[in-house]
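Peer 1: Okay, handing you the structure first.
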Amino acid sequence: MRDSAAASSAAGAESFTTEQRRILLVSLIVAFLSLLSVSIVNVVLPSIEQSIDASSAALQWILSGYALAFGVVLVAAGRAGDIYGRGKVFVAGLLLFGIGSCVAGFAADPLTLNIARVVMGLGSGFINPQVTGLIQQYFAGAQRGRAFGLFGGIVGVSVAIGPVLGGTLVAAFGAEWGWRSSFLVNVPFVALAIVGAFLWLPPSAWHAAVGSSPANSAVMSAQAGGAVGETPQASRVSIGLQKIADLDPVGVVLLGLGTLLVMLPFVERNAGAWIWSTLAVGIVLVVVWVRWEKRSKRKGHPPMVDIDLFRTRSFSNGTLLVSIYFLGMTSVWVLLALWMQSGLGHTALAAGLIGLPSAIASAIFAPIAGRHITRIGRPLVLWGFAFALSGLGLTIGAVALHYAVGTSEWWLLGTLALLGVGQALIISPNQTLTLSEVPLRYAGSAGGVLQTGQRVGTSIGIAMITGVTFTVLASYGWMTAFIVGFGVIMTVVAAAGAVGVVDLVQGRRRRRT
């Protein structure tokens, strides 16, 4: 039986052990499916509208219901994995995701489909923090960088390949079964992943992270021999109550509701002006949550997230960097899909194919970046920003030339490939650096915080950047709207890069002193 300590001792090995490969195979396939479900739906919405007579509001909830449920439970699910065992929460998320996918694939009306999408989102929210937690637990040093590199490649490929796969399924099976198959394709992979989890995840993955808290140490001791002076039944009750207390239910509710209310006006911005009042309420709840977590720690109770983690330079700067990055970069594929289909009249499949070189570049360079991040450090991430900003700038130039002199729009295949390289050098290396100083007992919740920043950034960014683009489009047409939209994206990505520069300077200053 191996545990995190054993994995650490093997950190210097040139290749992964058999156990590590199995952990990665199970984890990354599932992570791919959950992230694929974010982007694949974009190109099948017209087929859904035609098939089940869905209104525009229902179509919006097919997107936003998944995003909201995904983002709301990330931190709580990560903490649950720290306390109850990552394997248990991982399988629970798989069951939710698989059931939701099956129901969505056979949905006969918009309400059923939207409920199923919420269930899928909850499943994804349970799954993803366990992936980062498992990598933290069973990989260390250079091996951890390589593992996160593979995870970063999965993120990049899933975002870009989703529209391609969705368009292919519609082309292959027709409008009716094309959109249904985009959900049903998850089910066999989920079944295999559940079997793989039981067969391949180490025994230690099914129990609380070692040293998660003093209370959990007592829990594990009680599990081994029973609490002194208690009957076995009373001991089990006390263990269960202690685990619930360690989960911090008050913190779970405060942060979950706060995140929901912060994201809601951005994903439901057409509901009316009143919806923006929820943003202020959400921010207040997040502030109350921070105070509650500090109070819990002062009183000796294990907090859901140790707020002192944000005093760690690598964690706070890395979380801010990736949140701002997702604020801008995820809108690239939304604007491209809109421009290719509405602006140029291409099919959904063609709109998806234009992102294929970016996905391939991300898949190739992310593992390479992961292999070298522990040696190079933050400068590697800054090189990623250089590639990303170059790709964005060249894309703007290619679109301007298309309208000015009639050059082919397919030149974007090359410019967008640079974005894929940039993404490979940013996402997984930054994740490795951000979590490098996080204690194992908070690996799940810290990973949840990191991914919550990504989800909130995505929701706000898409609302903001598409809003600006459509405003310009109404007066000036697609060329100006595209250039302005991508110009905003470049500004936001440059701001994220500036955070990386600040982190690099602070790190060098700390080493000197």
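Only the coordinates and a few stated rules stand behind these numbers; no lab work does. Just so you know, these numbers come straight off a predicted model, no measurement behind them. With ideal geometry, Cβ positions are generated from the backbone for all residues, glycine too; neighbour counts draw on all protein chains shown.
Peer 1: Express in nm, to one decimal, how much length is gained between ALA172 and ILE360 on full extension, taking 0.36 nm for each residue of separation and deducting their alpha carbon distance.
Peer 2: 65.4 nm
Peer 1: Then there's this: Using Rg and Dmax of the Cα atoms in Å as the read-out, say which of [x] 32.9, 112; [y] 21.7, 73; [z] 22.7, 85 was calculated from these coordinates.
Peer 2: Recomputing Rg and Dmax of the Cα atoms in Å here gives the entry labelled [z].
Peer 1: If r is the Cβ-Cβ distance from HIS372 to THR480 and R0 is 45 Å, what FRET efficiency results, to the nearest 0.05?
Peer 2: The computed FRET efficiency comes out at 0.65.
Peer 1: Output the 0 to 90 degree angle, nearest 10, between the alpha-carbon long axis of helix 56-72 and the longest principal axis computed from the alpha carbons of the chain.
Peer 2: Value to nearest ten degrees: 30.
Peer 1: Note down the magnitude of the dipole of the range 354-513 about its Cα centre, charges +1 on Lys and Arg C-beta and -1 on Asp and Glu C-beta and zero elsewhere, to the nearest 20 debye.
Peer 2: Dipole about the Cα centre, nearest 20: 860 debye.
Peer 1: Ok, one more. What percentages make up the Cα-Cα pair-distance distribution of the range 137-215 when the bins are 5 Å wide from 0?
Peer 2: Binned Cα distances yield the sequence 3, 11, 11, 14, 18, 14, 11, 8, 6, 2, 1, 0.
Peer 1: So what's the angle, to the nearest 10 degrees on a 0 to 90 scale, between helix 412-434 and the longest Cα principal axis of the chain?
Peer 2: Rounded to the nearest ten degrees, it is 20.
Peer 1: Ignoring everything except DSSP H segments at least 4 long, calculate the 222 nm mean residue ellipticity for the chain; use -39,500 (n - 2.57) per segment, divide by total residues, nearest 500.
Peer 2: -27500 deg cm²/dmol, from helical runs alone.
Peer 1: While we're here: What's the center-to-center distance, using Cα atoms, between the range 289-313 and the range 423-443 in Å?
Peer 2: Here the answer is 20 Å between Cα centres.
Peer 1: From a point 7 Å beyond the Cα of LEU199 in the direction of its Cβ, which residues of the range 121-162 have a backbone N at a distance under 17 Å?
Peer 2: Within reach of a label on LEU199: no residues.
Peer 1: Full-extension gain between ALA273 and ARG298, please, as 0.36 nm times their residue separation minus the C-alpha to C-alpha distance.
Peer 2: Gain on extension, ALA273 to ARG298, equals 5.0 nm.
Peer 1: Measure nothing but the geometry: give the 0 to 90° angle between the long axis through the Cα atoms of 141-184 and the longest principal axis through the Cα atoms of the chain, rounded to 10°.
Peer 2: 50
Peer 1: How many percent of Cα pairs in the range 406-508 exceed 17 Å?
Peer 2: So the pairs more than 17 Å apart make up 68 percent of the total in the range 406-508.
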